[in-house]
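Colleague: The following block contains the structure, expressed as structure tokens.
Read-outs: derived from the displayed coordinates by stated rules, not from any lab. What you see is a predicted model; the values in this text were computed from it and never measured.
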Amino acid sequence: MWPLSRKGPSGFSSSSTAEQVTEGVDGTGLTAIVTGASSGIGTETARVLALRGVHVVMGVRNLAAGNTVKEAIVKGVPAAKVDVLELDLSSQASVKKFASDFGSLNLPLNILINNAGIMATPYLLSHDGIELQFATNHIGHFLLTNLLLENMKDTSRKSNTEGRIVILSSEGHRMTYPCGIRFDKINEEKGYVNYLAYGQSKLANILHANELSWRLEEEKVNITANSVHPGVIVTNLFRHHRIINGIMSTIGKLVMKKCSAGGSNNLLCGTESSS
């Protein structure tokens, strides 16, 4: 249990679970997309949305892993509506295909939770020649959001229901390069620092959410966009660093939030006032 938990203005604390923050939510008739839904916070987010009656579309890189998660969700929630679609956020072609595949389902879209992410990887380039963390954490989600935005606007107008876009960021946005985002050197290996590159991608997430929120307000569209920090969670995010991952998976369990609590921020932003 999180040892320093106390309730904030929302009435919840850092140890509040995803189920607790969505208690009383009726998501019947709503559709949500959750990226990175085959593990960690994404899995818990998808599970609890399905528990609340939301039709969940899981965007996953590994279809086998995604289908395993789907089976587990349906086993626990027999009435759950869950679809699994392939999505590799580091590939713009994959993002475009996902958007097309989602369109073929002929579903409305009320909630988009841009949850997937990678952290502090060695220097690598994406399929499109973009530094991998920036490509995955920001560019992929930026493109996905724009491809799905007209559906969300149309859904909001027809249903008179507020749409929600949740972009998972991190307190890591404070630890970036001296210039913030290296716009002119995004893809350069020289000067690359894995944690700073992660920080710049998370800073980009926040800037994206802020600008999108402003534009939606200017258009008077009934959709809100928020960036959220989930807290420090016990997940596989540190898998590229054996020692740190070992510490996080042992000692970290005593002081860090569990995934059951990690999905709470996603869901509080994604479901409050959406039902």
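Colleague: Give me Rg over Rh for the stretch 18-271, both radii from the alpha carbons and Rh done the Kirkwood way, two decimal places.
Modeller: On the way: Rg = 17.5 Å, Rh = 18.4 Å.
For the stretch 18-271, the value is 0.95.
Colleague: What whole-number volume per residue, in cubic angstrom, does the convex hull of the C-alpha atoms of the stretch 1-157 give? List each step's numbers first, then the result.
Modeller: Numbers: hull volume 22.3 nm³, N = 157.
Expressed per residue, the convex hull around the Cα atoms of the stretch 1-157 is 142 Å³.
Colleague: Taking θ as phi - 60°, what are the ³J(HN,Hα) couplings along the stretch 42-57 by the Karplus curve (6.51, -1.76, 1.60), each to the nearest whole Hz, with x for Gly and Pro?
Modeller: Rounded to whole hertz, the list is x, 5, 5, 4, 5, 4, 6, 4, 5, 4, 8, x, 6, 6, 9, 10.
Colleague: In addition: From the Cα gyration tensor of the stretch 116-198, with a ≥ b ≥ c the square roots of its eigenvalues, which class applies: rounded if a/c is under 1.5, or else prolate if a/b is larger than b/c, or else oblate? Walk me through the intermediate numbers first.
Modeller: On the way: a/c = 3.07, a/b = 2.22, b/c = 1.38.
Since a/c reaches 1.5 and a/b is larger than b/c, the shape of the stretch 116-198 is classed as prolate.
Colleague: Here's something else I'd like to know. Name the shape class, rounded, prolate or oblate, that the alpha-carbon gyration tensor gives for the stretch 70-113, where a ≥ b ≥ c are the square roots of its eigenvalues, rounded holds for a/c under 1.5, and otherwise prolate holds if a/b is larger than b/c and oblate otherwise.
Modeller: Values: a/c = 2.55, a/b = 1.74, b/c = 1.47.
It comes out prolate by the Cα gyration axes.
Colleague: Also: Convert each backbone phi in the stretch 219-224 into a coupling constant with the Karplus relation 6.51 cos²θ - 1.76 cosθ + 1.60 (shift: θ = phi - 60°), then list the ³J(HN,Hα) values in order as whole Hz, x for Gly and Pro.
Modeller: Per residue, the Karplus-derived 3J(HN,Hα) values read 7, 6, 8, 7, 9, 10 Hz.
Colleague: Given H placed on each backbone N at 1.01 Å, which residues far from residue 57 in sequence or on other chains put an amide H within less than 5 Å of it?
Modeller: 32, 33, 34, 83
Colleague: Taking amide H atoms as placed 1.01 Å from N in the peptide plane, list the residues 5 or more away in sequence, or in a different chain, whose amide H sits under 5 Å from that of residue 120.
Modeller: Placed amide hydrogens put 198 under 5 Å from residue 120.
Colleague: Compute the length gained on full extension between residue 217 and residue 86: take 0.36 nm times their separation in residues and subtract their Cα-Cα distance, giving the result in nm to one decimal.
Modeller: Working: separation 131, 0.36 × 131 = 47.16 nm, distance 3.16 nm.
That pair, residue 217 and residue 86, stretches by 44.0 nm at full extension.
Colleague: Go through the stretch 132-142 residue by residue and turn each phi into a ³J(HN,Hα) via Karplus (6.51, -1.76, 1.60, θ = phi - 60°); whole Hz please, and just put x for glycine and proline.
Modeller: After applying 6.51 cos²θ - 1.76 cosθ + 1.60, I find 4, 5, 5, 5, 7, 6, 10, 4, x, 6, 4 Hz.
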